[in-house]
Every structure is written in C-alpha cells, then in structure tokens.
1. Taking the condition of being within 15 Å of HIS102 (Cα to Cα) and assigned to a strand (DSSP E or B), how many residues in segment 29-53 meet it?
2. Mind checking which pairs have a first residue in segment 88-114 that is in a loop (DSSP other than H, G, I, E, B) and a second that is at pLDDT below 95 and among the hydrophobic types (A, V, I, L, M, F, W, C), Cβ under 8 Å, 6 or more apart or different chains?
3. Going through segment 44-59 one residue at a time, which ones are in contact (Cβ under 8 Å) with a residue 40 or more places away in the chain and loosely packed, with under 14 Cβ neighbours inside 10 Å?
4. From (1) assigned to a loop (DSSP other than H, G, I, E, B); (2) at pLDDT 95 or above; (3) surrounded by 16 or more Cβ atoms within 10 Å (Cβ to Cβ), pick out the condition that doesn't hold for PRO69.
5. Name the residues in segment 92-114 that are at pLDDT 95 or above, over 16 Å from ALA28 (Cβ atoms) and loosely packed, with under 13 Cβ neighbours inside 10 Å, would you?
6. Could you please find all residues in segment 27-40 being surrounded by 13 or more Cβ atoms within 10 Å (Cβ to Cβ) and over 16 Å from SER82 (Cβ atoms)?
Amino acid sequence: MFGAVIAHRGLLAALAFLPMLVAPAVAAERYVDQHDLMFVPTSMTIKAGDTVRFTDTDRITHNITIVNPDGSTEDKGMSTYSQHIVVQFDKPGIYKVICRIHPDMKMTITVEKP
C-alpha cells in the first residue's frame, strides 16, 4: 500500500510538469529605432510569430515598407517623431525593410521557425 502511495505521488508530480512541456511559445516583441536616417539595428533575427516595433526618433517622417522573401512589398505606412509601427512576421524567411522616403535606409530581418 505504501509503495502505491509513493507511485501515485510520483505520477502526480510528473503530470504537474506536463503543461510546461506542451505550453505554446510566447511571441516576442523586438525594437528597431529610426534614427539619423538609419534603422538601428540594421539586421536582426527573430522567430516566426514575433513582432517588431519600429519607433521614429528622428524629427522627420519615415516610411516602413516590408519586402517579403518572394519580392512582394507591403507598405506599413508613415511615421513621424515618437510614433510606432508594429509589424508581425509569421513566416520564416529573409525580409528587407526600407524607407521609401529615404532610399539609403535599409535593414534585414531574418525570421526563423519557432
């Protein structure tokens, strides 16, 4: 009987850890600054499902355009000083980010499988 109680407690302890093993991954938010006519950093690696928050700390307007791995583009809009544009990256691949107003502003975001 005593052995059965110990085995039962061991099973309960093992089951307590099960949710941690199957819990879904939590998406992360990463940050990119638009400053001195540059994206800072100029490259980053994230996981699929993560978001990137682009913050304009220049005193001028910028644009966020995403160039997808297949070459198609998505214009995410314009931002002015202290505004944010948040973009979620759901699929693995290499994405380019450009500012259509300032063609020298470029960065690369590598999205890996979660």
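The values are calculated or read from the model by the stated rules, or taken from the named source; none is laboratory data. Just so it is clear, the structure is predicted and the values come from calculations on it, not from any experiment. FYI the Cβ positions are ideal-geometry reconstructions off the backbone, even for glycines, and counts take in every protein chain you see.
1. 6
2. Every condition considered, the pairs that remain are PRO114/ALA25.
3. Once the filter is applied, which keeps residues that are in contact (Cβ under 8 Å) with a residue 40 or more places away in the chain and loosely packed, with under 14 Cβ neighbours inside 10 Å, segment 44-59 yields only THR45.
4. Answer for PRO69: the failing condition is (3).
5. Within segment 92-114, ASP104 is the sole residue that qualifies.
6. Listed by number, the residues that qualify are ALA27, ARG30, LEU37, MET38, PHE39.
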